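What follows is one structure encoded as structure tokens, with my remarks underneath.
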Protein chains: 2
Amino acid sequence: MFTDEYFMKMAYQEATYVLEKDEVPVGCIVVHQNRIIARGYNLTETLNDVTAHAEMQAITAAAQSLGGKYLIDCTLYVTLEPCVMCAGALAWAQISKVVFGARDVHRGYQSKGLALHPKTEVIGGIMEEACSALIKDFFKSKR
Amino acid sequence: MFTDEYFMKMAYQEATYVLEKDEVPVGCIVVHQNRIIARGYNLTETLNDVTAHAEMQAITAAAQSLGGKYLIDCTLYVTLEPCVMCAGALAWAQISKVVFGARDVHRGYQSKGLALHPKTEVIGGIMEEACSALIKDFFKSKR
């Protein structure tokens with residue numbers, strides 16, 4: 001029951017919440033022992049803050065929930081491949097697993113030749129089509 | 001009067017504030033038209049949050065001060081070369097200039113082959129010895 005697809009759907013739902021806010025729709029959740037301990041969506045426009053990516057907010061919230069800054073035995077599900085900033089934060093957090101939906105060939109950390117923490121398992125492309133369509137449709141509507 | 005050394009001394013002073021808090025002593029300020037619009041120091045231990053680097057807090061505060069998320073005509077002075085996370089945030093912010101003190105050969109963004117925004121001027125090594133000694137002394141005291 002608790003598959004990567006199952007949790008990615010919840011990250012996807014987070015992303016849809018900001019469609020009305022004129023934000024690039026990216027959502028994520030952090031799961032610990034099959035329990036969601038943090039949620040986040042992109043709020044850079046609303047908060048006037050480039051650091052307000054979905055992942056950054058969820059990393060902070062997850063650490064508060066756990067009472068420690070290392071996200072051991074945690075999985076972050078995010079609809080878009082993390083950027084350099086978020087990849088750096090995930091590396092500091094030594095998170096156990098990262099699952100992302102759409103690839104970001106221009107801004108994603110992998111395109112910059114970066115790696116996460118050696119302990120971190122990474123899976124990309126879960127619900128890739130749906131996650132990618134969400135963002136493409138957003139930018140299409142902006143033209 | 002308003003030299004890079006002048007402002008780096010203020011970033012250095014920010015770093016010294018956390019020496020008592022058992023934090024890695026890193027401090028920074030953001031300057032806009034020779035006026036300090038944001039200050040920050042590392043609070044990752046105190047806040048239990050890997051994202052609470054000096055730069056991240058100062059980027060958020062500077063954007064609030066300016067009323068916009070892009071840090072145009074701003075200079076960030078930081079006592080240590082930014083890490084991957086902070087470099088990613090500085091790139092998103094399109095900050096005009098970054099001045100750092102000590103180099104970080106293991107964790108600094110330059111060692112990962114990253115660059116900031118093409119518009120960003122970078123100067124390293126200002127007050128390098130003093131900034132480096134601050135951190136080395138901290139780690140020495142922890143042994």
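The values are calculated or read from the model by the stated rules, or taken from the named source; none is laboratory data. As the structure is a prediction and not an experimental result, all values here were calculated from the model. As a convention, Cβ positions derive from the backbone with ideal geometry for all residues, glycine included, and neighbour counts pool all protein chains shown. Accessible surface areas use protein heavy atoms only, side chains included; no ligands, DNA or RNA. Shrake-Rupley method; radii C 1.70, N 1.55, O 1.52, S 1.80 Å.
For this structure, a couple of remarks:
- Charge dipole (debye, nearest 20) of region A:3-56; +1 at Cβ of Lys and Arg, -1 at Cβ of Asp and Glu: 260 debye
- Members of region A:30-52 that become less accessible by 10 Å² or more once partner protein chains are added (1.4 angstrom probe, chain alone as reference): A:Thr44, A:Glu45, A:Leu47, A:Asn48, A:Asp49, A:Val50, A:Thr51
- In region B:86-107, burial by the other protein chains removes 50 Å² or more of accessible area from B:Trp92, compared with the chain on its own (1.4 Å probe, ligands and nucleic acids ignored).
- Nearest-0.05 FRET efficiency for B:Lys21 and A:Glu5, computed from C-beta distance (R0 41 Å): 0.45
- Descending principal axes extents, the protein assembly as shown, alpha-carbon based, whole Å: 60, 48, 29
- Rounded accessible area per residue of region A:1-138, 1.4 Å, Å²: 43 Å²
- When the solvent-accessible area of region B:23-142 is split by element, carbon and sulfur atoms take up 49 percent of it, the probe being 1.4 Å.
- Calculated on the alpha-carbon coordinates, the convex hull of chain B measures out at 99 cubic angstrom per residue.
- In this structure, the residue pairs whose Cα-Cα separation is over 27 Å, taken from A:Lys9/A:Lys97; A:Lys112/B:Lys97; A:Lys97/B:Lys69; A:Lys9/B:Lys119; A:Lys21/A:Lys140; A:Lys97/B:Lys119, are A:Lys97/B:Lys69; A:Lys9/B:Lys119; A:Lys97/B:Lys119.
- Among B:Ala130, B:Ala11, B:Ala38, residue whose mean-square fluctuation peaks in a GNM of chain B (springs only between Cα atoms under 10 Å): B:Ala130
- A Förster radius of 35 Å combined with the Cβ-Cβ distance from B:Asp137 to B:Leu47 puts the calculated FRET efficiency at roughly 0.90.
- Residues in region B:54-69 that, when all protein chains are in place, have 50 Å² or more less accessible area than the chain alone would give (probe 1.4 Å): B:Lys69
- Solvent-accessible ranking of A:Lys97, A:Lys21, largest area first, probe 1.4 Å: A:Lys21, A:Lys97
- Buried solvent-accessible surface, both chains (A, B), 1.4 Å probe, Å² to nearest 100: 2200 Å²
- Shape call, region A:86-130: gyration tensor on alpha carbons, a/c limit 1.5: oblate
- Helix B:54-66 vs. chain B, principal-axis angle (Cα, 0 to 90°, nearest 10): 30 degrees
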